[in-house]
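Here is the structure we will look at, set down as structure tokens.
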Amino acid sequence: AIENAITLNDEDYDIQLKGINVPNTNLKDLKGKKLVMLNFWGTWCPPCREEWPTIEKLYQARKDKIDFVLIAMQDKEEDVIAFMKKNNYTAPVYIAESPVTNHVLPKVFPTTFLLDKNGRILLKEEGAKDWNSKSTNEFIDNVTQ
């Protein structure tokens, strides 16, 4: 369904991000560089917590090819820090400090987008997924060549 893909515009990309375990950034600063995994999650969300180990594994294997942007929503900063520390997770986590447009604002948690470097949505996943599965890794290989 890539031919029906939606491309995010500059306004969608303008999300000021407070880094929890990484420096602050703006999503727009990552545009044009590499694939972006944009994930909206919360420590309060069981399916989010369930998919985290697979995201962390994917991050460890693919951080050279993909920019990971994991945005904790409706969450307290100290809860996010405690969750990361308890599980030894190192993937980049942020809290959005500016509004998220309706194009990307999730209706369910977790919601994950894989965006190409031009902002085209290659994949949108609502709900938990095994992000380290063989099929996901093959998909990433195909789009990052």
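What to note about this one:
- Annotation note: of 26, 21, 39, the sole residue that is without any contact (Cβ under 8 Å) to a residue 24 or more places away in the chain and either crowded, with 16+ Cβ neighbours inside 10 Å or touching a helix residue (DSSP H, G or I) at 6+ places or on another chain (Cβ under 9 Å) (or both) is 26.
- Here residue 140 meets the list (1) in a helix (DSSP H, G or I); (2) in contact with a helix residue (DSSP H, G or I) (Cβ under 7 Å, 6 or more places away or on another chain); (3) farther than 22 Å from residue 30 by Cα almost entirely, failing just condition (3).
- Summed over region 80-103, residues that are farther than 26 Å from residue 61 by Cα and not hydroxyl-bearing (Ser, Thr, Tyr) total 5.
- Every residue from region 106-129 that is in contact (Cβ under 8 Å) with a residue 40 or more places away in the chain, under 22 Å from residue 80 (Cα atoms) and either surrounded by 17 or more Cβ atoms within 10 Å (Cβ to Cβ) or among the hydrophobic types (A, V, I, L, M, F, W, C) (or both): 106, 109, 110, 111, 112, 113, 128, 129
- Candidates are the residues of region 42-96 that are among the aromatic types (Phe, Trp, Tyr) and surrounded by fewer than 19 Cβ atoms within 10 Å (Cβ to Cβ); the one that is farthest from the chain's Cα centre (by Cα) is 44.
Read-outs throughout are calculated quantities, based only on the coordinates presented, and are distinct from any laboratory measurement. Note that the coordinates shown come from a computational prediction; the quantities given were computed from them, not determined experimentally. Ideal geometry is used to build each Cβ from the backbone, glycine not excepted, and the neighbour counts take in all protein chains shown.
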